[in-house]
Amino acid sequence: MEKLVLIEDQVFLVTDALGDMPFGNGGGLGLYYLDTRFLSVFEFTINGVKPTIMSGSGEQNFMGNIQLANPALHLADGHVVKPSTISIRRNRFIDAGLEERIGLLNYNRFPVEVELVLVLAADFKDMFEVRGITREANGKVLLPTCGGQVLEPLRKDSTVSLNYLGLDGVRRRTDIVFELDPASVELIPGDDTCVTLGPASGSTLLTSQEAEVRPAGVKVTFQVRLDPHKPFSLTMYVTPAVAEERPHKASFDVEARELRESYERWVGESAVLETDNELFNRMLRRGQTDLRGLMTFRPTGPFPTAGIPWFAAPFGRDALITSLQTMILSPAIAVGTLRFLALHQGREVNDWRDEQPGKIMHEIRVGEMAVRGQVPHSCYYGSVDSTPLFLILFAEAMDWLDDDGLYEELLPAVTSALHWVDTHGDLDGDGYVEYKTLSSRGLYNQAWKDSKDAYAFPTGELAEQPIAATEVQGYVYEAKTRLAALFRRKGEAYLAEKLASQAIELRDRFNRDFWLEEESFFGQALDGRKQIVPSITSNPAHCLWSGIVDPERARAVAERLLHEDLFSGWGIRTLSSNSPNFNPMSYHNGSIWPHDNSIAAAGLRRYGFDQHASDVITGIFLAGLRFRYTRLPELFSGFARDLRYLSMPAEYPASCSPQAWAAGAPIYFLHTMLGMRADAANHRLHLRPYLPDWLNEVSLRGLRFGRGRVDLLINRNQVHVVRNEGDLEVSVDDLALVERLDTPALTPSCMQKMPFFV
């Protein structure tokens with residue numbers, strides 16, 4: 001089912017291609033706010049039938065446009081209006097809620113009397129319920145109100161409210177306001193059981209216990225005369241509220257303009273990334289636009305939510321990797337992420353939340369189930385890799401910004417995170433960071449491949465906890481290596497040497513204990529019995545990224561990653577196609593994840609396998625061109641690219657799209673192509689460009705570095721420093737010349753046409 005997705009801040013909308021949410025759709029359609037579905041049914045008809053779809057787009061994230069046409073309309077007087085003679089356009093955007101304008105234009109030579117009907121209902125399900133988790137008890141869905149009065153059974157008023165009283169004692173409400181008075185507002189009884197609250201409340205309640213119980217709703221009818229060539233519009237505002245009032249703004253057009261301007265400010269505050277390949281530029285812009293759509297702006301700064309629809313919440317791992325991917329776009333994302341995660345760092349031992357002091361959180365939810373403690377996600381810590389990734393991002397931010405104030409601000413959180421790595425993170429004292437689920441409602445697997453069957457032996461037997469994931473050891477190595485260099489620079493010689501020594505020891509043991517001699521590759525993990533899980537996966541690519549792989553073993557790893565059992569032609573699979581557990585349509589056992597491939601490409605370049613990295617980037621790029629809006633999804637299926645039949649990459653139907661670390665992938669690909677490494681403390685930016693065949697020139701404008709900004713123009717032969725605000729020195733490997741130009745910022749000289757790829 002094709003979906004249209006819109007998002008702004010903490011509100012998002014998912015509909016079908018018509019812009020509707022049919023009852024019982026099963027696809028998670030709805031209007032969501034604060035982990036609750038505030039609208040679950042939204043259906044529009046004209047004279048009792050659905051319009052015909054012509055086109056629809058949610059490309060701008062906050063704004064959607066759906067062009068419809070009338071089907072054949074049988075009028076009361078016996079006349080028939082021919083199809084496609086009345087234009088129906090649904091323009092909508094998301095801000096505090098959903099704001100929609102339905103415009104109609106009659107192209108017939110005669111007036112047409114039509115009945116426009118909107119059916120709306122809300123089940124107020126928690127996101128965990130929508131995702132399939134069964135609740136032991138639910139709150140109460142109240143009957144809708146119209147003009148502030150209980151709707152029994154018919155009224156005329158331009159304001160309607162759908163109401164819910166949660167088990168947490170919080171009233172949740174969906175307010176619907178029409179700019180025109182309807183002909184009627186009619187109650188649609190639900191399938192629920194009615195319960196009377198009592199005289200004090202004056203309300204009737206409905207209880208909902210079954211997944212597909214239809215909640216009570218409203219049928220709003222408008223009788224409209226469409227004169228020839230005279231436009232008609234119906235504007236409505238749907239605003240979710242939790243306890244508080246959240247009034248909509250008065251002007252549809254003014255609010256739409258303000259949202260457009262907020263996107264323009266986002267672009268203006270970020271670096272401008274362009275190349276001479278317009279198709280890749282489109283993918284870069286798509287990523288930047290999606291990141292803005294997924295961004296929440298908190299007191300601690302910008303923080304990206306993970307993805308729509310299932311993961312529209314703060315996730316530690318996702319935000320950390322997204323921040324690492326987007327340093328060249330905006331280091332402000334990294335700063336906001338670090339501050340937010342430091343604020344929510346573990347403070348105590350709490351098994352229900354898999355929390356320990358110093359641990360970086362996994363996921364925060366604010367819906368009724370989390371508030372009531374039915375799930376541990378009010379702040380859940382079931383992520384083994386968020387803590388070392390936090391340390392890596394801190395070091396990376398210091399390399400880019402050299403901000404002493406930020407260093408001092410975050411140092412206590414960094415110290416606490418390091419302590420967690422060496423204590424609670426190493427459950428049995430063997431020197432490896434492992435995970436073991438302590439919460440009765442926690443995740444079984446707590447590395448990035450967190451589905452239940454992600455860590456399994458070829459026999460299908462699941463790995464026993466505690467599990468030491470391969471890539472996590474690499475993250476710890478990178479964190480300690482990077483922090484050792486940082487602390488050495490800050491004059492903390494003892495701590496620096498301690499961390500460096502620990503990192504070297506970890507690297508030596510890792511290369512001994514995780515290596516599969518017969519495969520010339522690293523295993524996926526060590527299980528609780530210290531047996532190596534011998535699955536051939538993408539995980540060791542992260543070990544190249546972190547630098548933990550011995551140089552003499554790096555080529556074997558690189559070659560295997562590009563072998564046809566792992567590399568599909570579109571990207572590196574999560575699991576080898578030779579594995580008995582391989583399923584290209586699974587979540588983690590054969591699918592392809594763009595963020596995973598962006599890390600793999602960076603790791604390949606770190607060890608000098610430049611063409612291997614370029615091949616990975618090219619595969620994901622070519623796949624991305626074939627997805628809607630040139631948008632990389634969270635993941636896609638791992639079927640092989642078949643050149644005989646010009647095959648397309650196969651979608652993973654439940655994939656989040658947009659998704660933060662998928663949006664960050666093309667930006668990180670550009671970073672990787674340029675071989676860019678920051679050293680703001682010494683005012684030096686290192687570059688080692690290696691551009692794929694389909695790209696010859698890169699322009700970076702407004703690149704934030706240290707306390708200044710820089711503009712660069714890079715091609716295959718030269719790096720031009722076009723503007724330099726901060727006494728920056730550019731150090732380039734493998735290029736003959738670094739040239740400084742006292743000229744205005746350059747743009748790519750031409751836009752290369754992408755050849756036809758078969």
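Worth pointing out:
- There is at least one residue in region 478-487 that is out of contact with any Cys (no Cβ under 7 Å at 6 or more places or on another chain), in a helix (DSSP H, G or I), polar (S, T, N, Q) and crowded, with 21+ Cβ neighbours inside 10 Å.
Residues checked against (1) outside the structural domain of Ala243 (by TED's automatic domain parsing); (2) in contact with a strand residue (DSSP E or B) (Cβ under 7 Å, 6 or more places away or on another chain); (3) outside any helix (DSSP H, G or I); (4) of a type in the set (A, V, I, L, M, F, W, C):
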{"position": "Ala342", "(1), (2), (3), (4)": "yes, no, no, yes"}
{"position": "Glu348", "(1), (2), (3), (4)": "yes, yes, yes, no"}
{"position": "Val366", "(1), (2), (3), (4)": "yes, no, yes, yes"}
{"position": "Gly373", "(1), (2), (3), (4)": "yes, no, yes, no"}
{"position": "Ser378", "(1), (2), (3), (4)": "yes, no, yes, no"}
{"position": "Gly382", "(1), (2), (3), (4)": "yes, no, yes, no"}
{"position": "Leu389", "(1), (2), (3), (4)": "yes, no, no, yes"}
{"position": "Ile392", "(1), (2), (3), (4)": "yes, no, no, yes"}
{"position": "Ala395", "(1), (2), (3), (4)": "yes, no, no, yes"}
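- Just so you know, in region 682-738 the residues that are farther than 25 Å from Gly608 by Cβ and of a type in the set (Asp, Glu) include one that is surrounded by the most Cβ atoms within 10 Å (Cβ to Cβ), and it is Asp711.
- If you filter region 117-129 down to residues that are over 16 Å from Asp191 (Cα atoms) and surrounded by fewer than 23 Cβ atoms within 10 Å (Cβ to Cβ), you find that the one that is modelled with the highest pLDDT is Val117.
- Output for region 405-430, where each listed residue is part of a loop (DSSP other than H, G, I, E, B) and buried (at least 20 other Cβ atoms within 10 Å of the Cβ): Gly425
- For region 252-292, residues that are within 25 Å of Ala313 (Cβ to Cβ) and either touching a helix residue (DSSP H, G or I) at 6+ places or on another chain (Cβ under 9 Å) or of a type in the set (S, T, N, Q) (or both) total 12.
- Single residue of Arg631, Arg606 found to be in contact (Cβ under 8 Å) with a residue 24 or more places away in the chain, closer than 20 Å to Leu291 by Cβ and basic (Lys, Arg): Arg631
- Test: residue in region 125-144 that is farther than 24 Å from Arg90 by Cβ and over 33 Å from the mean Cα position of the chain (by Cα): yes
- Within region 107-125, residues that are among the small types (Gly, Ala, Ser) reach partners that are surrounded by fewer than 23 Cβ atoms within 10 Å (Cβ to Cβ) and assigned to a loop (DSSP other than H, G, I, E, B) with beta carbons closer than 8 Å, at six or more positions or on different chains, in the pairs Ala121/Phe23; Ala121/Gly190; Ala121/Arg214.
- Within region 43-58, the set of residues being assigned to a strand (DSSP E or B) and either more than 21 Å from Arg628 (Cα to Cα) or free of Cβ contacts under 8 Å to residues at least 40 places away in the same chain (or both) comprises Glu43, Phe44, Thr45, Ile46, Val49, Thr52, Ile53, Met54, Ser55.
- Residues of region 635-652 satisfying the condition of being without any contact (Cβ under 8 Å) to a residue 40 or more places away in the chain and either closer than 21 Å to Glu2 by Cα or of a type in the set (S, T, N, Q) (or both): Ser647, Met648, Glu651
- Arg101 being at pLDDT 95 or above and surrounded by 20 or more Cβ atoms within 10 Å (Cβ to Cβ): no
- Qualifying residue in region 494-515 (condition: hydrophobic (A, V, I, L, M, F, W, C) and under 23 Å from His588 (Cα atoms)): yes
- Residue tally, condition assigned to a helix (DSSP H, G or I) and either within 18 Å of Asp290 (Cβ to Cβ) or among the aromatic types (Phe, Trp, Tyr) (or both), over region 264-278: 6
- Flag if Gly24 is closer than 30 Å to Pro302 by Cβ and assigned to a loop (DSSP other than H, G, I, E, B): no
- Flag for Leu506 being aliphatic (A, V, I, L, M), touching a Gly at 6+ places or on another chain (Cβ under 8 Å) and touching a residue at least 40 places away in the same chain (Cβ under 8 Å): yes
- Selection status of Asp642, surrounded by 19 or more Cβ atoms within 10 Å (Cβ to Cβ) and acidic (Asp, Glu): no
- Val349 satisfies every condition listed in (1) surrounded by fewer than 23 Cβ atoms within 10 Å (Cβ to Cβ); (2) farther than 28 Å from Val421 by Cα; (3) of a type in the set (Val, Ile, Thr) except (2).
- When we screen Leu18, Leu104 for residues that are over 23 Å from Gln659 (Cβ atoms), in contact with a strand residue (DSSP E or B) (Cβ under 7 Å, 6 or more places away or on another chain) and part of a strand (DSSP E or B), the only hit is Leu104.
- Residue in region 126-167 that is nearest to Leu31 (Cα to Cα), counting only those that are free of Cβ contacts under 8 Å to residues at least 40 places away in the same chain and assigned to a strand (DSSP E or B): Ser161
The values are calculated or read from the model by the stated rules, or taken from the named source; none is laboratory data. Everything numeric here is computed off the predicted structure, so don't read it as measured data. As a convention, Cβ positions derive from the backbone with ideal geometry for all residues, glycine included, and neighbour counts pool all protein chains shown.
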